[in-house]
Amino acid sequence: TIKFYNWVLSILLAVAVVGLIFIISKLDPAGSMVHLLLFYLDLFVFVISLGTLASFHLRKRFGQREFVNQYLLISFRQSIWFASLMVVSFILQSQGMFSVLNAIFLVIALVFLESYFLYKPHNAKRSS
């Protein structure tokens, strides 16, 4: 199953690269809102797939063998956060609203969100 997910992510990465090349070379993002949305969506998919594959293989190589099954989930979740940070930063930059302070606040918010997911009890029973 991990090999299947790696293959799917690799194919998704290849499609995202081809899509980015097509969007950058053939479409004018300033010409249409749809083109701009396609660019941001493709960038999001590209960063998620590349980040998940890279961080999974780094964790697998340098991490403990007992946690290999969890590495894919953690890598995917953290890649979503990083891709969100990238896309939001690009959007803010295109609007002229990006600053170091905004970036710091975005990173802090994502660190708190990731900390919640890392430390929440997985089998917490509801008290009734």
Open item on the list: Please determine whether any residue of segment 73-92 is of a type in the set (Ser, Thr, Tyr), surrounded by fewer than 17 Cβ atoms within 10 Å (Cβ to Cβ) and free of Cβ contacts under 8 Å to residues at least 12 places away in the same chain.
Closed with: no
Open item on the list: Tell me yes or no: at least one residue of segment 16-35 is touching a Pro at 6+ places or on another chain (Cβ under 9 Å), assigned to a helix (DSSP H, G or I) and without any contact (Cβ under 8 Å) to a residue 24 or more places away in the chain.
Closed with: yes
Task: Search result, residues across segment 39-63 that are open to solvent by less than 80 Å² (accessible area, probe 1.4 Å), out of contact with any Pro (no Cβ under 6 Å at 6 or more places or on another chain), farther than 14 Å from Phe76 by Cα and in a helix (DSSP H, G or I) - done: Tyr40, Asp42, Leu43
Task: Index of the failed condition, Leu12 passing every other in (1) in contact with a helix residue (DSSP H, G or I) (Cβ under 6 Å, 6 or more places away or on another chain); (2) crowded, with 16+ Cβ neighbours inside 10 Å; (3) at pLDDT below 95 - done: (3)
TODO: State whether one or more residues within segment 25-48 are at pLDDT below 95, within 26 Å of Phe117 (Cβ to Cβ) and over 19 Å from the mean Cα position of the chain (by Cα).
DONE: no
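The values are calculated or read from the model by the stated rules, or taken from the named source; none is laboratory data. What you are looking at is a predicted structure, and each value in this text was computed from that prediction instead of being measured. When we count neighbours, we look across all protein chains shown, and the Cβ atoms used for this are built from the backbone with ideal geometry, even at glycine. Heavy atoms of the whole protein, side chains included, go into the accessibility calculation; ligands, DNA and RNA do not. Shrake-Rupley method; radii C 1.70, N 1.55, O 1.52, S 1.80 Å.
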